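Each remark here refers to the structure printed beneath this line.
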Amino acid sequence: MNPSEITQVIIERNGKDKWVLKKTGDKWLFSDGEHFEASPERVRALLLRLWTMRARSIQEERGEDLSKYGLNRPRVKIQVYGAGQSQELWIGNSAKKQEGLYAKVVHKPLIVTITSWILSDIPTTPEGFRK
């Protein structure tokens, strides 16, 4: 999904923290627990990273045992919404013999590895999104 079409982002960390970012006009608002204007540069960096990210390798074409990859309880879930569409990415454990992380796009059977730098664009606290 093109980053310019995205109007809402939901980030869930370790099944505990769930953050909601909504686009209102040209502003991004953080609206879960705390309410504040989010840094448009920070949100844009995350969306561009998601848009340009590619799988480094395919681990399984029909990933049925998600627990092998830490995807039964993902460390991060990212949902994006916009233009009548939605997509969800799950990020699991660190990949064993390669640099990177195991990942899965929901509603697709593949288990892949992605570069771990995606996590650098996801702040560890809501304050990391503050404008």
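The values are calculated or read from the model by the stated rules, or taken from the named source; none is laboratory data. Since the structure is predicted, the reported quantities are computational estimates derived from the model, not experimental observations. Calculation scope for accessible area: heavy atoms of the full protein, side chains included, ligands and nucleic acids excluded. Shrake-Rupley method; radii C 1.70, N 1.55, O 1.52, S 1.80 Å.
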Item checked: Solvent-free Debye scattering, log10 I(q)/I(0), computed from the Cα coordinates of the chain at q = 0.13, 0.16, 0.22 Å⁻¹ -> -0.53, -0.79, -1.35
Next item on the list: Subtract the Cα-Cα distance of Lys22 and Ser39 from 0.36 nm times their separation in residues, and report this length gain in nm to one decimal.
Entry: 4.9 nm
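For the chain, what does the accessible surface come to per residue with a 1.4 Å probe? Please give it in Å².
Numbers: 7660 Å² over 131 residues.
Ligands and nucleic acids excluded, the result is 58 Å² per residue.
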Check: So how exposed is Arg44, as accessible area in Å² (1.4 Å probe, rounded to 10)?
Finding: 120
Note to self: Tell me the carbon and sulfur percent of the accessible area for the chain, rounded to whole percent, probe radius 1.4 Å.
What the structure shows: 46
Check: Helix 40-52 versus the longest principal axis of the chain: what angle, 0 to 90°, nearest 10, using Cα atoms?
Finding: 30
